[in-house]
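Notes for the one structure printed next.
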Amino acid sequence: MNELVVSELHAGYGGAQVLHGVSFTVGEGEIGAILGPNGAGKTTLLRALSGMVKGRGSVRLDGVELLGSSPDTLARRGVAHVPEGRGTFMPLTVEENLRLGAYVRRSGVDADLDRIYGYFPALKPRLKQAAGSLSGGEQQMLALGRALMLRPRLLLLDEPSLGLAPLVTRELFRIVRAINEQERTTVVVVEQNAHLALGIAQQAHVLETGRIVLSGTAARIRADEQVAQSYLGYRV
Amino acid sequence: MNESPVSTGESTATVSSGSAAGAVPRARAGVARWRWAVAGLLLLAAVYAPFQLVPFHVFQLTMVLVYALALLGLNLLVGHAGQISLGHGAFFAVGAYATAIPLARWDVPHLVTLPIAAGVAFLLGLALGLPAMRLRGLYLALVTLAIAIFLVPLLKRFEEVTGGSMGLTLPKPAPPAWTGLAEDQWLYFLALAVALVAFGLAAGLLRSRVGRALHAIRDNEAAAEVMGVRLSYYKTLAFAWSALFAGAAGCVYTWVIGFVSPDSFVVTLSITLLAGIVVGGLGSQAGPLFGALFVMFVPSISQDVNKAAPGVIFGLLIIAVMYVAPTGLAGLAGRAADSLKKTLRKG
Ligand SMILES: Nc1ncnc2c1ncn2[C@@H]1O[C@H](COP(=O)(O)OP(=O)(O)O)[C@@H](O)[C@H]1O
Ligand SMILES: [Mg+2]
């Protein structure tokens, strides 16, 4: 149903092309990991999927073309993007941030808030606090919670582990996995922390200078020592 | 004592509950009670003042309310939605003329002119906002400035309707006999009533879904958009609402002064208003009131200090305030109140 099929996606900024024909598929309710070094175009890829940058080619969710629509239209269609830097509204309270996540809906917002506290109990006592006063880990939880408020069909996560302590990151990925299993949300997660991302994903794709240079099951990519060394920069 | 303090700090934060939980709502309730008390006292003083002051001072307070009304609108646009306008005075003028023309031509009752002025300003704001709000930053500032610049010659040009450079002289609303009020007191209470309704409206608007959308746009446009907030729609709406309040201010201004002419609405008005809201406190509820006091009294004070160059003194005072209180006078007052509360609690 909510299968994501990206084919021959080209995108960039003004004259500068960043993505040169990217193709991959994330199955319904699965997690796809996009790995790759800094500057490979991972953020740009997610921006193209959520309409923040224009792209050519095709991006289909459940068979429906997403390319060419504005970000707010795509949000209405169930694409939730947790951007690089989290996009937290610092001066607003935690609750206001969460309610903004459900901006496209008027009904069922309170019930959804309760659902979010289920995943992130730490947020509940901080509802009336300014989001800017949260720790980095809590802010990432808030960003994820805010994205869930949309009741997304497709969840895009841009380097959720950035700047977080290892323990917090592991907890975060555990929650992403739980969300994916319980809500059957299709997830695309961009990461430099390949190890953790491969731990929760079914499929993984390695992006280098705007091209997918390797695709495979997460298990296979993790097992392939040569891949690990040449593309992911770590030893297994 | 710990090999990785960062990680423990983060992880306790994620699982924490209890301790901070109880304190937060109580502190909030304290703040709310404090606010209501201040608002109540202010209102009492506002009702009491016109019976204690000489007519000229009552008139000055009335003008403070008029400016506060205009700044309320500007605060919505600049402080809450994060968009710049150098043409707010133009909507003030539109409200003034939308009041003056029906009064002069058809002798309509004064109260009827309020919805007319607010409505005309709102619609004009909508019409101009639609294209203007697709622009950002400096371009938006220039376009709104252009609106303010072109208005004066336009008003002079359509002389049969606007009275040209001579302007229009109008009757002021007369106090009903049962009130026993003098004219200046009656005008003051009219302005107070309009201002109270407007502040209530704006507060309601900002607490709603619309308010959240405006704040989101101000804080992070791109993030707001990926959450489904339609930028052009809300920016245009904020522009139109800000015009509506400016229009209402122009209307009350016309009631109070009983005269309009193009030269009352030159570009300086727009710039003074923008300076007023920045000095008063952007995005703060009390900001428009502090800004209005500044706009009303500081130019005349600067006139007293130096007759030759009041503009220079005014400018220097703005710089001084921004240096001492970067979040505006409202922020300064808030900080003063906080430290006062702390001292009281300790003592
Ligand atoms: N807003 C932008 N405008 C112009 N170029 C950009 C912008 N953002 C990123 N780029 C360029 O696009 C390329 C890919 O960047 P990005 O997608 O952020 O990579 P990654 O997320 O994989 O680190 C880089 O060369 C970067 O300089
Ligand atoms: Mg990136």
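Structural remarks
- Anchor residue B:341: lysines whose Cα lies under 26 Å away (excluding residues fewer than 8 positions away in-chain): A:128
- For the pair residue B:135 and residue B:203, the difference between a 0.36 nm per residue extended length and the Cα-Cα distance amounts to 21.8 nm.
- Among beta bridges identified by DSSP and lying wholly in segment A:4-232, the antiparallel ones come to about 55 percent.
- Judged by the ratio a/c of the largest to the smallest principal axis of the C-alpha gyration tensor, segment A:90-203 counts as oblate, that ratio being 1.5 or greater while a/b is no larger than b/c.
- Under 24 Å of direct C-alpha separation, and excluding same-chain neighbours fewer than eight residues apart, residue B:235 reaches these lysines: A:54.
- Per-peptide average of other Cβ atoms within 10 Å, ordering A:200-212, B:285-297 highest first: B:285-297, A:200-212
- Placing R0 at 51 angstrom, the Cβ-Cβ distance between residue A:23 and residue B:166 gives a FRET efficiency of 0.10 after rounding to 0.05.
- Rel. contact order, % - alpha carbon contacts under 8 angstrom, at least six apart, segment A:4-232: 29 percent
- Average partner coverage of A:134-143, which counts Cβ from other chains inside 10 Å: 3
- Theoretical gain in end-to-end length, residue A:65 to residue A:167 [0.36 nm per residue, Cα-Cα removed]: 32.9 nm
- Scoring B:218-227, B:39-48 by mean Cβ neighbours within 10 Å over their residues and listing the highest first yields B:218-227, B:39-48.
- Ordering of B:235-244, A:147-156, A:60-69 by packing is B:235-244, A:147-156, A:60-69, highest average first (other Cβ atoms within 10 Å, averaged per residue).
- Rounded to 10°, Cα long-axis angle of helix A:109-119 versus longest principal axis of chain A: 60 degrees
- Mean separation of Cα contacts under 8 Å, 6 or more apart, over the residue count of chain B: relative contact order %: 29 percent
- When the Cα gyration tensor is reduced to axis lengths a ≥ b ≥ c, the ratio a/c is 1.5 or higher for segment B:21-155, and with a/b not above b/c it is classed as oblate.
- Other protein chain C-beta atoms within 10 Å of residue C-beta, averaged over A:146-157: 1.
- Three-way shape label, the protein assembly as shown, alpha-carbon gyration tensor, a/c 1.5: prolate
- Inter-site label distance for residue B:320 and residue B:32 at 7 Å from Cα along Cβ, in nm: 4.0 nm
- Cross-link partners of residue B:156 among aspartates and glutamates, defined as those whose alpha carbon lies under 16 angstrom from its own and excluding same-chain residues fewer than eight positions apart: B:263.
- Cβ-based net charge around residue A:149, under 14 Å, with every Lys or Arg adding one and every Asp or Glu removing one: +4
- Backbone phi angles across segment A:39-53, fed through the Karplus curve with coefficients 6.51, -1.76 and 1.60 (θ = phi - 60°), yield HN-Hα couplings of x, 6, x, 5, 4, 4, 4, 5, 4, 5, 5, 9, x, 6, 10 Hz in residue order; Gly and Pro are listed as x.
- Chain B: DSSP helices with Cα axial extent of at least 30 Å and average Kyte-Doolittle hydropathy no lower than 1.0: B:110-132, B:137-157, B:183-207, B:231-257
- Full-stretch length increase - residue B:343, residue B:43 - with 0.36 nm per residue and alpha-carbon distance subtracted: 105.4 nm
- Cβ neighbours within 10 Å from other chains - mean over A:81-90: 4
Only the coordinates and a few stated rules stand behind these numbers; no lab work does. This structure is a prediction, so every number in the text was calculated from the model and none was measured. Positions of Cβ are backbone-derived with ideal geometry, glycine not excepted, and every protein chain shown enters the neighbour counts.
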